[in-house]
Every structure is written in C-alpha cells, then in structure tokens.
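The structure appears below as structure tokens.
The values are calculated or read from the model by the stated rules, or taken from the named source; none is laboratory data. Fair warning: this is a prediction, and the values are worked out from it, not measured in the lab. Cβ: placed from backbone, ideal geometry, glycine included. Neighbour counts: every protein chain shown.
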Amino acid sequence: MKRRLRITAIILSLMIPIAMLSGCNRTTGPENGRIGVVCTVFPQYDWVRRILGDRVDSMDLTLLLKSRIDLHSYQPSVDDIAKISVCDLFIYVGGESDGWVGDALKDTANKNMVVINLLDTLGNMVREEEILEGMEDEEPEADEADGGGIGYDEHVWLSLRNAQVLCTAIANVLASLDADNAGEYQSNLAAYIAKLQALDEEYKKAVNAAPVRTLLFGDRFPFRYMMDDYGLTPYAAFSGCSAETEASFDTIVFLARKVDELGLNTVMVTESADQSIARTIIANTKDKNQQILVLDAMQSVTLSDVRNGTTYLSIMESNLDVLKEALR
C-alpha cells in the first residue's frame, strides 16, 4: 500500500500543474454561480443528494469513483484533480487509500474551498483496522520516511450511526455555502436522519431476535463498524483494506473449522468478490453445503446504478435482508 502511495505522489506532482491550467477554463465552481461539490465515494455523493433534495441540480456535484473502481486502487486523473482544484466543497474518506489527497490540495485554484475528511469528522468514533483470529496478516512494509503509524478502518459509511454524524456535518457546510437555502437543507437532513435512525432500529431488532451472532467472511472484511454497532462477532480471510487475493492453506482450514464449530449455514462475501475463497472454505467443511451470501460494501456503485435508483439507504436495506438470512 505504501509503495503504491509513493508512486501516486510522484504522478500527482506531474499532474497538478496541468490540472491547474485546465481548471482555469472550467465552468464549475463559483465562476458560474453554481456551488461545486466533489465526493470521492458513493455514500458521500448520495448523502449530498438527499440533503440537497429538490435543489440537487442547482449545484455541480461530482462523484470521482463512479466506474466500479475500488477505493483502495483509485488513481485520480488530470480531470479529477482539475475538478477538485476549483470546487467549493471536497469530501473524502481520509484513510491510507486517500494518500494522494494531500498533494491534490496543495495548490488549489479555489482558496476558499471547504474540505470534509470523514475520519477527522468522526474523531474518536473511528476504529483501527482489525486483525481477526485466523486472518491473513499482511506484513507491513518497512518505511522509515513514513515512520509507520496506526491503520484506521476506512469503511466508516457502513455504520448507520456514523452516517448520521457525517450527514449532519455535510448539511452544515452546505447550509453555510448556500445560506439562502439553509433551512431547506436542514429540513432535508432531519427527514433523512429519521430514516437512518429507523433503519438502525430495524437492524437492532433483527440482530436481537437472531439465534446466530457470528458472520464469517471468505473475503475482505470492511464491515467492522456494522459488526460493532450490533454486537456481532466476525471472522474473515483478509482485513478490509487488504490487497491480498489468495488465502493460505492455514487460513482456509481455520475458517472451515470455524464454520463447523459454530454450525454456520452461510459464508459471507462482498459485492466485488469472485467467491472462489468462499467456495474453497465450504469445500473444506464437514457438510459442504453452506450458502454464499453477499453483503454490499458500496465500493462498486456506478453512476448508472444511481440513475437506476440505487441509494445509500436502498443498499443498507438490502444488507439488512442479507443479514437476517445469515443470522438464521
């Protein structure tokens, strides 16, 4: 991961001067009287849409990761940097995968830009990335320049409770940028938070009524915030930000034995998995008949999906249905 970030920094150092020149000719930002908002990932983008409500078309709203590009492998283009440079509000996650952001914000054209870092906004609600029992533990690369440091779990949007905090912060900034419509944004926020709270209650009810309290992922594990919210115990092949694609024999055997030991009827994967590891785990269990279920981590949502009606809430509602099936 750190090696990739160093390469990205070099690329950005070459791209930013070009982006600044192209940014001078863009119509986004305050020059055309429209507020420019750039979001790195889908959940932020959809939250902004819900808060803006009927006024969403009055702003220049951009989603950067819009073509099934994973957060952990995203590389900004010259056009992406240009959009960021002139926008009024830039929203990003703030974890290790966003290591390119610091360079992108060094010489922005809009000196009044407001920046929202999701991890910073959540403060002590942010969790360290968790290495679970039996999980593949990637060896950290030696990097004297970076000096190491704590790796935080970036997938903060997979908590409905985090979403309420983050949406409030976003709404407050939008209200300050467009004071004439601040009341509408706050009203939209209140209605949206009521929906988030109602869905959170549905999750709590489902988990409290479930006979099973463990989920096993034959995949990466980006769901720590969801598991923590509802007191669920996870096992997984890889951490949430792992770049690994192959699990060791020891990991496969450990997870297969856990399935048998706990009497689990399902093995979980994320929406982007090829499911081969999950199938191998199942093949090594006693009964070999477990079902593979998909929890959506919202890292593959496209603008086409958005146009077809996909929203943050619709995905979290679908995840609840999957969770109910997994905990039976």
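Residues considered: LEU196, LEU174, LEU160, LEU122. Of these, the only one that is surrounded by 17 or more Cβ atoms within 10 Å (Cβ to Cβ), at pLDDT 95 or above, out of contact with any strand residue (DSSP E or B) (no Cβ under 8 Å at 6 or more places or on another chain) and within 30 Å of ILE81 (Cβ to Cβ) is LEU122.
Could you please find all residues in the stretch 160-191 being in contact with a Lys or Arg (Cβ under 9 Å, 6 or more places away or on another chain) and closer than 24 Å to ASN124 by Cα?
Going residue by residue through the stretch 160-191, those that are in contact with a Lys or Arg (Cβ under 9 Å, 6 or more places away or on another chain) are 167, 178, 181, 184-185, 188-189, 191.
The answer is CYS167, LEU189.
Would a scan of the stretch 297-308 turn up a residue that is within 18 Å of the chain's Cα centre (by Cα) and over 17 Å from ARG68 (Cα atoms)? Within the stretch 297-308, not a single residue is within 18 Å of the chain's Cα centre (by Cα) and over 17 Å from ARG68 (Cα atoms).
Within the stretch 223-234, can one find any residue that is farther than 27 Å from SER73 by Cα and basic (Lys, Arg)? If you could, list the steps in order and put the result at the bottom.
The initial filter retains those residues of the stretch 223-234 that are farther than 27 Å from SER73 by Cα, namely 229-233.
If we keep only those that are basic (Lys, Arg) too, we end up with none.
Looking for residues that are farther than 27 Å from SER73 by Cα and basic (Lys, Arg), one finds none in the stretch 223-234, hence no.
Scanning the stretch 283-291 for residues that are surrounded by 13 or more Cβ atoms within 10 Å (Cβ to Cβ) and in contact (Cβ under 8 Å) with a residue 60 or more places away in the chain turns up nothing.
Only residues that are within 25 Å of GLU154 (Cβ to Cβ), over 20 Å from the mean Cα position of the chain (by Cα) and either buried (at least 18 other Cβ atoms within 10 Å of the Cβ) or touching a residue at least 60 places away in the same chain (Cβ under 8 Å) (or both) were counted across the stretch 236-277, and they come to 6. Among residues of the stretch 187-201 that are part of a helix (DSSP H, G or I), those with a Cβ under 8 angstrom from a residue that is of a type in the set (S, T, N, Q), sequence gap 6+ or separate chain, pair up as LEU189/THR168; ILE193/GLN164; ILE193/THR168; LEU196/GLN164; GLN197/GLN164.
Just to be sure, is ARG220 within 21 Å of SER272 (Cα to Cα), modelled with pLDDT under 95 and surrounded by 15 or more Cβ atoms within 10 Å (Cβ to Cβ)? Lay out the reasoning, then the answer.
Details: within 21 Å of SER272 (Cα to Cα): yes; modelled with pLDDT under 95: yes; surrounded by 15 or more Cβ atoms within 10 Å (Cβ to Cβ): yes.
Yes, satisfied.
Condition test on VAL86, is it crowded, with 21+ Cβ neighbours inside 10 Å, over 21 Å from LEU303 (Cα atoms) and not aromatic (Phe, Trp, Tyr)? First the steps, then the outcome.
Details: crowded, with 21+ Cβ neighbours inside 10 Å: yes; over 21 Å from LEU303 (Cα atoms): yes; not aromatic (Phe, Trp, Tyr): yes.
Considered against the rule, which asks whether it is crowded, with 21+ Cβ neighbours inside 10 Å, over 21 Å from LEU303 (Cα atoms) and not aromatic (Phe, Trp, Tyr), VAL86 comes out as yes.
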